[in-house]
Amino acid sequence: MSTPSNIVQQLLRDEGTILHAYQDSEGYWTIGTGICIDKRVGCGITDAENLYLLNNRITLTTQAICAEWPWAAQLDPVRLAVMVNMAFEMGTEGLSEFHNFLAAMEAGDWPQAGAEMLDSLWAKEVPARAGRLAKQVVSGGWQ
């Protein structure tokens, strides 16, 4: 990197960037470009930063779903959000294991899609979440 012309370039050069949690030279948990998140020294992220990251990940997850299952782009936002919620937890790879659920979603068979969600190990692991999302698929309303 050449001589920095602003603070962003300067910090990128001087701090370096690591795109996962790591311990800095003092042993403090850090992310990105020198962003301390270690609670031991009063650090963390703000609510605004959390919402920024969350919204960014929702966008990326939605894009991944629509790339993997192009028909999903035609779903109403409430039902697409169910797929996003599930993929957010287990990734698109995990979501891809829900063959019968995905077939029902593609067919617009909402009662069957809800039933397929509830007939899974995932529903046993997170019953409240699965129940809410199954109800959302069937009703088409936010839960």
Residue tally, condition charged (D, E, K, R) and under 18 Å from the mean Cα position of the chain (by Cα), over the range 86-143: 5
Residue match in the range 40-58 (condition: polar (S, T, N, Q), closer than 30 Å to Trp122 by Cβ and in contact (Cβ under 8 Å) with a residue 40 or more places away in the chain): no
Residue within the range 3-20 that is in contact with a Phe, Trp or Tyr (Cβ under 9 Å, 6 or more places away or on another chain) and among the polar types (S, T, N, Q) present: no
Positions within the range 22-52 being assigned to a strand (DSSP E or B) and at negative phi, in sequence order: Tyr22, Gln23, Trp29, Thr30, Ile31, Ile35, Cys36
Near pairs, Cβ below 6 angstrom, 6+ apart or cross-chain, from the range 75-88 (touching a residue at least 40 places away in the same chain (Cβ under 8 Å)) to any residue that is not hydrophobic (A, V, I, L, M, F, W, C): Val78/Gly140; Val82/Gln136
Which numbered condition Leu19 misses (of (1) loosely packed, with under 13 Cβ neighbours inside 10 Å; (2) part of a helix (DSSP H, G or I); (3) of a type in the set (A, V, I, L, M)): (2)
Candidate set: the range 94-116, residues that are of a type in the set (A, V, I, L, M) and touching a residue at least 24 places away in the same chain (Cβ under 8 Å); chosen: the one surrounded by the fewest Cβ atoms within 10 Å (Cβ to Cβ): Leu102
Filtered residue count, the range 64-93, keeping only those that are surrounded by fewer than 12 Cβ atoms within 10 Å (Cβ to Cβ) and polar (S, T, N, Q): 1
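Would the range 43-51 turn up any residue that is surrounded by fewer than 12 Cβ atoms within 10 Å (Cβ to Cβ), modelled with pLDDT of 95 or more, aliphatic (A, V, I, L, M) and over 30 Å from Gly108 (Cβ atoms)? Explain how you work it out, then say what you get.
To start, the set of residues in the range 43-51 that are surrounded by fewer than 12 Cβ atoms within 10 Å (Cβ to Cβ) comprises 46-48, 50-51.
Keeping just the survivors that are modelled with pLDDT of 95 or more gives 46-48, 50-51.
Retained after the next criterion (residues that are aliphatic (A, V, I, L, M)): 48, 51.
Applying the additional criterion that residues be over 30 Å from Gly108 (Cβ atoms) yields 48, 51.
Within the range 43-51 (the criterion being surrounded by fewer than 12 Cβ atoms within 10 Å (Cβ to Cβ), modelled with pLDDT of 95 or more, aliphatic (A, V, I, L, M) and over 30 Å from Gly108 (Cβ atoms)), the answer is yes, since at least one residue qualifies.
The values are calculated or read from the model by the stated rules, or taken from the named source; none is laboratory data. In this text, all values refer to a predicted model and were calculated from it rather than measured experimentally. Don't worry about glycine lacking a Cβ; one is built from the backbone with ideal geometry, like all the others, and counts go over all protein chains shown.
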